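Report on the following structure.
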Amino acid sequence: MTRGEKKGTFGVLVIGIVLGIVLWGGFNWTLALTNTEQFCISCHEMEATPYAELEETVHFSNRTGVRATCPDCHVPRPWIHKIIRKIQASNELYHHFITGEVDTPEKFEAKRMKLAQNVWKAMKNTDSRECRNCHNYDSMDFDKQESRSADMHDEAIEKNWTCIDCHKGIAHSLPEGFDPAWNTPGEAEDEG
Amino acid sequence: MKKTIVTFVAACVIMLFTGGVIAGAVDSLRLGQDLQEDSKKPTKKKQLVVEGGIERSYKIQPPVIPHSIDKDKINLKANTCMNCHSEKTYKQKKAPKAGDTHYLDRDGKTTKTVASRRYFCNQCHAPQVNAEPLVENTFKGAK
């Protein structure tokens with residue numbers, strides 16, 4: 001190896017490292033930036049309806065002062081799932097900028113059932129993974145729960161139900177036409 | 001004549017005193033607080049949770065709610081009370097079912113879901129807090 005070649009290799013290495021830091025850092029920085037509540041509600045579709053509804057719930061304000069923000073429930077934490085969700089989000093951008101599918105509260109209301117069902121399905125498929133980032137059977141003290149809740153949680157463990165099976169509509173309003181039986185796994189009695 | 005005037009004055013004086021005494025004995029719900037003063041801050045009260053429910057005080061009383069309802073919502077789109085108390089879910093959730101009268105419309109026809117005139121549960125059913133009654137109450141309902 002001549003002196004010149006050595007210098008060249010060194011140069012490429014340095015440029016590679018710098019570029020790597022800038023690109024990877026920039027990528028992660030963007031990822032983190034788009035993973036904030038501030039970013040989510042920068043679109044009025046999110047701020048006017050889902051966020052306004054969240055503000056009324058226990059996930060927003062409660063006794064102990066812990067708050068769940070949009071990405072806590074709607075963006076997976078494991079890297080690969082996070083990236084997949086981010087790519088899927090381009091569909092949301094498409095509808096925001098091009099079709100304006102839910103750009104008024106009325107349009108949002110008209111689509112609410114579909115939107116809600118999408119989220120319920122996703123949560124069902126992941127066994128409510130995002131809920132379980134904070135809520136864990138192992139850290140639940142059933143003695144401190146109401147007996148009805150404790151009984152249901154016992155049954156849920158036994159029968160492998162997942163959080164969203166019962167807890168639909170806890171952070172945002174339920175869609176019109178919601179059937180209470182959807183929040184009741186197992187055999188719901190139909191007498192109507 | 002003189003006698004009448006004396007009697008009248010005496011009666012007035014007596015009324016003045018006794019009236020004052022009676023007026024002094026009246027205790028308002030303000031509990032002797034001056035009208036000009038700021039009212040006292042009420043103590044914080046939590047909605048009660050009573051296992052097994054709270055018995056009715058009289059025969060046709062709408063049962064009071066033995067759990068907190070601060071997370072529940074009743075609006076045009078949804079009624080979260082019905083998540084447990086509906087005809088479809090009450091058995092599974094071990095909750096009392098809304099009464100049969102709640103499934104009748106004004107023409108007496110049976111409805112599939114809770115009739116719209118019974119839709120707003122907390123118009124009749126109230127959650128409870130552990131508050132002392134403002135005045136003593138000896139009401140006993142016919143059971």
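The values are calculated or read from the model by the stated rules, or taken from the named source; none is laboratory data. Since the model is a prediction, treat every value here as computed from it, not as a measurement. Here the Cβ positions follow ideal geometry from the backbone for every residue, glycine too, while neighbour counts run over all protein chains shown.
For (1) more than 30 Å from B:I74 (Cβ to Cβ); (2) acidic (D, E); (3) within 11 Å of another protein chain (Cβ to nearest Cβ), each residue gets a yes or a no:
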residue: A:N133; (1), (2), (3): yes, no, no
residue: A:D138; (1), (2), (3): yes, yes, no
residue: A:K144; (1), (2), (3): no, no, no
residue: A:M152; (1), (2), (3): no, no, yes
residue: A:E158; (1), (2), (3): yes, yes, no
residue: A:G169; (1), (2), (3): no, no, yes
residue: A:S173; (1), (2), (3): no, no, yes
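Pairing residues of the stretch A:113-140 that are without any contact (Cβ under 8 Å) to a residue 40 or more places away in the chain with residues that are assigned to a loop (DSSP other than H, G, I, E, B), at Cβ distances under 7 Å and at least 6 apart in sequence or on separate chains, gives A:D127/A:T162; A:S128/A:T162. Of all the listed residues (B:S68, B:S86), the sole one being under 30 Å from A:T49 (Cα atoms), within 12 Å of chain A (Cβ to nearest Cβ), surrounded by fewer than 17 Cβ atoms within 10 Å (Cβ to Cβ) and modelled with pLDDT of 90 or more is B:S68. Checked against (1) of a type in the set (G, A, S); (2) more than 26 Å from A:M46 (Cβ to Cβ); (3) in a helix (DSSP H, G or I), A:A122 passes all but condition (2).
Residue under question is B:D72, and the condition is that it be touching a strand residue (DSSP E or B) at 6+ places or on another chain (Cβ under 9 Å) and of a type outside the set (A, V, I, L, M, F, W, C); does it hold? So B:D72 passes the test.
Here is the figure for the stretch A:67-81: residues that are surrounded by 15 or more Cβ atoms within 10 Å (Cβ to Cβ) and without any contact (Cβ under 8 Å) to a residue 60 or more places away in the chain total 6. Annotation: of all residues in the stretch B:104-143 being within 21 Å of the chain's Cα centre (by Cα) and aliphatic (A, V, I, L, M), the one that is surrounded by the most Cβ atoms within 10 Å (Cβ to Cβ) is B:A126.
Of A:E155, A:E176, A:E92, A:E109, all but one fail to be part of a loop (DSSP other than H, G, I, E, B), of a type in the set (D, E, K, R) and surrounded by 13 or more Cβ atoms within 10 Å (Cβ to Cβ); the exception is A:E176.
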